[in-house]
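Pasting a structure here, questions to come.
Nothing in this text is a laboratory measurement; each read-out follows from the coordinates by a stated rule. Being a predicted model, the structure only gives us computed values, none of them experimental. Positions of Cβ are generated from backbone atoms using ideal geometry, with glycine treated the same way; all protein chains shown enter the neighbour counts.
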Protein chains: 4
Amino acid sequence: MTESSNRDSKIAVGVLGATGVVGQRFLQMLERHPWFDVTWLAASERSAGQAYARAAKWRLATPLPERFAGMPVSTAVPEGAPRVIFAALDSGIARELEPRFADAGCAVVSNSSAFRMQADVPLVIPEVNPDHLKLLECQSWRRKSGGFMVTNPNCSAIGLTMALAPLERHFGLEHVVVTTMQAVSGAGYPGVASLDILGNVVPYIANEEEKLESEPRKLLGRLNGSRIEDAPFTVSAHCNRVSVEDGHTESVSVKLRRAAREDDIIGAWREFRAAPQELALPTAPAEPVVYLDVPDRPQPRLDRDRGNGMSATVGRLRRCSVLDWKFTVLSHNTIRGAAGAALLNAELLRAQGFLK
Amino acid sequence: MTESSNRDSKIAVGVLGATGVVGQRFLQMLERHPWFDVTWLAASERSAGQAYARAAKWRLATPLPERFAGMPVSTAVPEGAPRVIFAALDSGIARELEPRFADAGCAVVSNSSAFRMQADVPLVIPEVNPDHLKLLECQSWRRKSGGFMVTNPNCSAIGLTMALAPLERHFGLEHVVVTTMQAVSGAGYPGVASLDILGNVVPYIANEEEKLESEPRKLLGRLNGSRIEDAPFTVSAHCNRVSVEDGHTESVSVKLRRAAREDDIIGAWREFRAAPQELALPTAPAEPVVYLDVPDRPQPRLDRDRGNGMSATVGRLRRCSVLDWKFTVLSHNTIRGAAGAALLNAELLRAQGFLK
Amino acid sequence: MTESSNRDSKIAVGVLGATGVVGQRFLQMLERHPWFDVTWLAASERSAGQAYARAAKWRLATPLPERFAGMPVSTAVPEGAPRVIFAALDSGIARELEPRFADAGCAVVSNSSAFRMQADVPLVIPEVNPDHLKLLECQSWRRKSGGFMVTNPNCSAIGLTMALAPLERHFGLEHVVVTTMQAVSGAGYPGVASLDILGNVVPYIANEEEKLESEPRKLLGRLNGSRIEDAPFTVSAHCNRVSVEDGHTESVSVKLRRAAREDDIIGAWREFRAAPQELALPTAPAEPVVYLDVPDRPQPRLDRDRGNGMSATVGRLRRCSVLDWKFTVLSHNTIRGAAGAALLNAELLRAQGFLK
Amino acid sequence: MTESSNRDSKIAVGVLGATGVVGQRFLQMLERHPWFDVTWLAASERSAGQAYARAAKWRLATPLPERFAGMPVSTAVPEGAPRVIFAALDSGIARELEPRFADAGCAVVSNSSAFRMQADVPLVIPEVNPDHLKLLECQSWRRKSGGFMVTNPNCSAIGLTMALAPLERHFGLEHVVVTTMQAVSGAGYPGVASLDILGNVVPYIANEEEKLESEPRKLLGRLNGSRIEDAPFTVSAHCNRVSVEDGHTESVSVKLRRAAREDDIIGAWREFRAAPQELALPTAPAEPVVYLDVPDRPQPRLDRDRGNGMSATVGRLRRCSVLDWKFTVLSHNTIRGAAGAALLNAELLRAQGFLK
């Protein structure tokens, strides 16, 4: 065991919203993390004071780690919380609670949508726009208490943006039309009623299309001084819920600014490496984008766990008769699309010296 | 019982490929048909000679009609067959068998893809292009034996085209980008393996995108003398299989040639009536296109049976930031998308004097 | 239209708990009922005052009947309610509300479990124990206001009891071991979370095994003056939830008191007819128990709608090496197991002169 | 890396039927096995000569191991095969092929049902009846060529028998009534048609009940010289297929020969350890039987992977009013119920000196 995995030298972290679906993923991914040590779990008033095993209805396929089972659930206030907070809160609650933690000096690494589009809050995928972290210096919390807030994108925006990033870089993007087929775990627990989704498709997810149409443009935007200029492409999204437990599948058509050949595009995906790979961040996948050269992939059941759930898997690149090219992209919505996204953000923050 | 439903005055019909999923729908829909009387069932050599109940593995939720259970399955040859044949064959077999029946003087009302795009074979949705039946006069079978062949579109093309038809008529179509989420019954029986689709999405259906990109253009094309000029729009299709028993859902973006307001588009759908409604064909739905003004519909489990499975249901009309408008359309793939489509074609043929 | 279907001569009825899954089935089944006319809908305070279409999230595959869409939802109090009330309430609420309606002179035809096992409340399946309605005369409500209460069994008990009734009558029952595989609609809406049941089995349904072990004994019990003597057999139940929308499937082993041959047992099921069939009650199935002589049936998707959802379907009768015989029984849990059960009870009540 | 994991010192093994669902599990589990090195893959004539990646449609959620992708698929004959053969064949083919390999001197570790009940072939669960391996000495193959054959039980029998073994040992078994809810992967690929199982239950699996009623009695039987005396209890089985990918769930009622208290039974399960644990076999789970003390477990989606898929998980122990006790047991059908079962058998064989 190396020094960095020694518990004493780890950074103490807390999880806000620890009992939900994403909160559980945080605990699963943090159980043996070499850099972070979970010392504090918080949830709603209803759960506070109970042991975690009692407060949470654990829904993951790996057992609840023993060390969290007996940990008490704290009230969601900054007093007594560690300085690094992973937040997995509903948007409405996040809007109220997260600023309090940043204000109290915490590094808030948030998965919620509440502040993603706020001008001074970086919305980051470490492989895509690590430089946006510079926005942190503009946050008033930072100046006041040392606290700050970083966010990761929506679970359907992240896979799409990872597939778009190499295209934007190499060929320029002009238009994107995307149709999602999203897993039920994206709606939390209890979330989607079984009567709504068994043998069914629900062609609507509240507020999802708006996120998918705006977040990729901020993520692929250019940092200009203290603000992000959105990337100059448009996204049109159709969001559907399907009968899948985990893994969001997306059918994508794109119009590029510069001509591209099939091999160039596939090459751009396969060669895509960035800061997390260079820094060998613990949760970084070896290949951020995996391209599969078979006709019927990616599929959520077979491909969502690639790169331990941190890779986006792309397939079926072919000509689009309306725009230029079309393809399918898949990513794990509660790993790369939520807890893993925040965790990789935290690892990048530490590597860049923001966490101590 | 009116004269037309008197069995003696009904037109004798046969079903080719009677044991498959679509063949079973034919029998279900023809059991009490006022104009047609099923007197002949045919299937592969393996089934020939057996009683239908034994040859077919009946998979519908209504019991196998008693009168078909004991009917013998005939060999698939024109000798002894009635003059009107509903064909529900795999494409490869259809290519070989259907011409034999047309050549022998039969009216072949086919659901297969084998001859849909052949220049002298009408591809018809009675609400959309009933005039294309004039092509029948160009068929060499017609001149030789009196036989002919008419086809209906692919199960994913039909719902889309029904939604597009009022748009093309009122506003002109320029581009269509469509992503399908198709039911497993579209693949026949045994068809899709459960290990492939439980909790999964398969982003590929062989040859399906090609059909969806070409058939709507022929259907909405203009009859010019003895040929169809394809309608001048392009379709780009993404076809996916999802974990749904019946009902194909499609997310559609369209670019129109003329400006349209939301109310005009919804009005065009709601007011859409055509030959089958005017002729009061027995299988015609009162409303070919139903528009639902609620945020999360249509859904396959709740809406596929509208109009006894013969209506296309549309919802979620909203602006598309890349093309002009976007919406969701749903139709029942083995009723309006297969057996019901052929049956309505046959009813139109009779109403126009082609069947006696 | 016969006199009995004339609206003026119909009996006005109300539905308590009209917005839930069972409430919706009541409306679907009552839409065109020849004897009953729904004039009053009630639900929780939250819904009261709204139009039904707005208050209810309609989840059935047939559209919400137009005539109910605009009907206002009333507060759940007897004042202003008609004299015949179908009740589809959660047990806790039923315990409080149902007696108020009976006390106010209403005939309460209840689907809830609250009073099923109360000594003076008949628990009735019209085909099984219509004579138990005599208990109504013992109810204090009856004497006081003319009101009364009748109940139908739990959704998993009813199919089992219909299959057991001919066995008890002909051969005597000693022991029953039953394992259920129950549909999600039995838990109401939203009910079972999709994350709990997709690709899964949940081997527990709160309070269900207790009902399944006690209700069949009361149903098959003997009316002795003013009380029911439970039938002298024991039931051991294992209740599981499976990924099925509608239809409860049950694997049953039975020990009989008298020797029985296979043909005798199948004959007992097939010949089973009772009061509802003799009286030709509108909702009565022609065959209460359908026996299928094929190896892999009944199946929920294919058999739940037999007899318009009012038949119990049995199959796979074979020797049990531990008890005597074993078989599979299936019934539709929200039709024969809930709304249809209550409706048939009401029809029996009217036929016996209890409703005016 | 220890010496035993050095490739040169490993035992070369082959997989017969390598392209099927169980064959794939073998490769997944053998990829990094410390004792065995897969050097030979065989499948049907259709696949022979192709690279494995081309011949097999890989259906597991982990990628096909690189080292097997390019390995050629051999013809299924003993010539050129290694001396240890894992067999994952359909029963009919196994009946023909497996004796050829044993005859040629191979150790055939078979998952098929063909020879399980043959008197001189041991049917083994290493935790339950390791002593039955002594039967190998009675096999004529052994004497002739040194070859032999060992089998593991059916996928539904193994979880049941693991739960029964501690009960038989401590309290004696008299009767067992079991209802299974089996996953689709148990039927291989393509196996169960999606139209048969989506939203459905199929209450029949060919030949399964017979296996489940006989195999546990041989497994728990007593070795008496050169034969096994079946254990003196009876099993009555109801086998159902449900909409689950992996993991067989079983509702079990048992009658014991000696009185048992709840705590004693749970203790018997929790303390159950046997040869694989004592020998620390690589694939042995730490706890062969895990008892969960929560009301709604085990569940296939959440519990099938316990002990890396090698544990049987039990829950819901409670009184049975017909027999004595009832409970639910779950095990992973393609790991503990197939490939993992055979692998553990092979590890036991090596530990006992049967493999060199």
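State which entries of A:LYS211/B:LYS255; A:LYS134/B:LYS326; A:LYS57/D:LYS57 exceed 32 angstrom in Cα-Cα distance in the structure shown.
Long pairs (Cα-Cα over 32 Å): A:LYS134/B:LYS326; A:LYS57/D:LYS57.
Toward the positive end of the charge dipole of segment A:65-201, about the Cα centre and with charges on Cβ (Lys, Arg +1; Asp, Glu -1), which of A:SER74, A:LEU164, A:SER145 goes farthest?
A:SER145
Further question on the same structure: From the label point of A:ASN207, set 7 Å along Cα to the beta carbon, how far off in nm is each other copy's matching point, shortest first?
Inter-copy label distances (nm, one decimal, shortest first): 3.5, 4.7, 5.6.
Another question, then. Mind listing the long-range amide H neighbours of B:VAL38? Cut-off is under 5 Å, sequence gap 5 or more, other chains count too, H placed in the peptide plane at 1.01 Å from N.
B:VAL13
Work from the charge dipole of chain D (Cβ charges, +1 for Lys and Arg, -1 for Asp and Glu, about the Cα centre) and give the residue of D:TRP269, D:MET310, D:TRP35 farthest towards its positive end.
Highest projection toward the positive end goes to D:TRP35.
I would also like to ask the following. What's the center-to-center distance, using Cα atoms, between segment D:184-263 and segment D:53-101 in Å?
One Cα centre to the other: 26 Å.
Running a GNM on chain B with Cα contacts under 10 Å, which residue among B:SER194, B:SER243, B:SER113 ends up with the highest mean-square fluctuation?
B:SER194
Per the Cauchy relation, a quarter of the hull surface: what is the mean projected area of the convex hull of the alpha carbons in segment D:279-329, in nm²?
4.3 nm²
I'm a student and want to see the number: the projected area of the Cα convex hull of segment B:142-187, averaged over all directions, in nm².
Over all viewing directions, segment B:142-187 projects a mean Cα-hull area of 5.8 nm².
Angle between the Cα long axis of helix B:155-171 and the longest principal axis of chain B, 0 to 90 degrees, nearest 10?
50 degrees
Here's a follow-up. Apply the Karplus curve 6.51 cos²θ - 1.76 cosθ + 1.60, θ = phi - 60°, to the phi angles in segment D:173-182 and return the couplings in whole Hz, x for Gly and Pro.
9, 10, 9, 9, 10, 10, 10, 9, 10, 9
Also, quick follow-up: For the protein assembly as shown, what does the alpha-carbon gyration tensor say about shape, rounded, prolate or oblate, given a ≥ b ≥ c as the root eigenvalues, a/c under 1.5 as rounded, and a/b over b/c as prolate?
Judged from the Cα gyration tensor, the protein assembly as shown comes out rounded (a/c under 1.5).
Look at the axis of the rotation that sends chain B onto chain C, then give the chain B residue with the nearest Cβ and the distance in whole Å.
Taking Cβ atoms only, the nearest residue and its distance are B:GLY199, 2.
Over all directions, the average projected area of the alpha-carbon convex hull for chain C comes to how many nm²?
17.3 nm²
Hey, another quick one. Classify segment A:57-186 as rounded, prolate or oblate from the Cα gyration tensor: take a ≥ b ≥ c as the square roots of its eigenvalues, call it rounded if a/c is under 1.5, otherwise prolate when a/b beats b/c and oblate if not.
Since a/c reaches 1.5 but b/c is at least a/b, the shape of segment A:57-186 is classed as oblate.
Can you figure out the FRET efficiency of A:CYS138 with B:ASN224, using R₀ = 60 Å and their beta-carbon distance, to the nearest 0.05?
Rounded to the nearest 0.05, the efficiency is 0.40.
Does segment A:204-338 classify as rounded, prolate or oblate by the C-alpha gyration tensor (a ≥ b ≥ c root eigenvalues; a/c under 1.5 gives rounded; else a/b over b/c gives prolate, otherwise oblate)?
In terms of gyration-tensor shape, rounded.
Mind pulling up the Rg/Rh value for segment B:106-257? Radius of gyration and Kirkwood radius, both on Cα.
Computed over Cα atoms, the ratio is 1.01.
Which distances, in nm and shortest first, link the C:THR39 label point to the same label point in every other copy, taking 7 Å along Cα→Cβ?
Its label point is 5.5, 7.2, 8.9 nm from the equivalent points in the other copies.
In addition: Assume the label is 7 Å from Cα along Cα to beta carbon: what separations in nm does A:GLU66 have to the matching positions in the other copies?
So the label point of A:GLU66 gives 3.5, 6.8, 6.8 nm to the other copies.
Summing Lys, Arg as +1 and Asp, Glu as -1, what charge do residues with Cβ under 11 Å from the Cβ of C:ALA114 carry, C:ALA114 excluded?
Within the 11 Å Cβ shell, the charges total -1.
Let me ask you something else. I want the local charge near B:ALA69. Using Cβ-Cβ distances under 14 Å, sum +1 for each Lys or Arg and -1 for each Asp or Glu among the other residues.
Result for the local shell: 0.
Among D:GLY105, D:GLY307, D:GLY80, determine the one that fluctuates most according to a GNM of chain D built with springs between C-alpha atoms less than 10 Å apart.
Fluctuation is largest for D:GLY80.
List the aspartates and glutamates whose Cα lies under 12 Å from the Cα of B:LYS356, skipping any in the same chain that are fewer than 8 positions away.
Cross-link targets: B:GLU347.
Most fluctuating residue of B:ALA193, B:ALA43, B:ALA339 in a GNM of chain B with Cα springs under 10 Å: which is it?
So, out of B:ALA193, B:ALA43, B:ALA339, the one fluctuating most is B:ALA193.
Would you work out the charge dipole size for the protein assembly as shown about its Cα centre, treating the Cβ of every Lys and Arg as +1 and the Cβ of every Asp and Glu as -1, and quote it to the nearest 20 debye?
0 debye
To continue, here is another question. Which whole number in µm²/s is D for segment C:180-276 by Stokes-Einstein, with the Kirkwood Rh taken over Cα pairs at 10 °C and 1.306 mPa s?
Diffusion coefficient, whole number: 98 µm²/s.
Right, another one. Report, in degrees rounded to the nearest 10, the 0 to 90 angle that the Cα long axis of helix B:340-351 makes with the longest principal axis of chain B.
On a 0 to 90 degree scale, this one is about 70.
How much of the DSSP bridge set in the protein assembly as shown is antiparallel, in percent, rounded to the nearest 5?
45 percent
So how strong a dipole does segment C:1-154 carry about its Cα centre when Lys and Arg Cβ are +1 and Asp and Glu Cβ are -1, to the nearest 20 debye?
240 debye
Can you show me the helix-derived [θ] at 222 nm for chain C, built from DSSP H runs with n ≥ 4 at -39,500 (n - 2.57) apiece and divided by the number of residues, rounded to the nearest 500.
Mean residue ellipticity at 222 nm (helix-derived): -7500 deg cm²/dmol.
With +1 on each Lys and Arg Cβ and -1 on each Asp and Glu Cβ, and nothing else charged, work out how big the dipole of segment A:230-356 is about its Cα centre, in Debye to the nearest 20.
So the dipole magnitude of segment A:230-356 works out to roughly 220 debye.
Excluding D:ALA12 itself, what net charge comes from residues whose Cβ is under 9 Å from its Cβ, given Lys and Arg +1 and Asp and Glu -1?
Every neighbour counted, the sum reads +1.
How big is segment C:185-242 by Rg and Dmax over its Cα atoms, in Å?
Cα-based Rg and Dmax for segment C:185-242 come out at 15.8, 50 Å.
Helix B:21-30 against the longest principal axis of chain B: what's the angle in degrees, Cα atoms only, rounded to the nearest 10?
Taking the Cα atoms of chain B, the angle to B:21-30 is about 80 degrees.
May I ask you to list the residues of segment B:249-291 whose amide nitrogen lies under 16 Å from a point 7 Å from Cα along the Cα→beta-carbon direction of B:SER9?
Within reach of a label on B:SER9, which here means backbone N under 16 Å from a point 7 Å along Cα→Cβ, segment B:249-291 contributes B:282.
Compute the relative contact order of chain D as a whole-number percentage, counting only Cα pairs closer than 8 Å that sit 6 or more residues apart in sequence.
Over chain D, the number comes to 17 percent.
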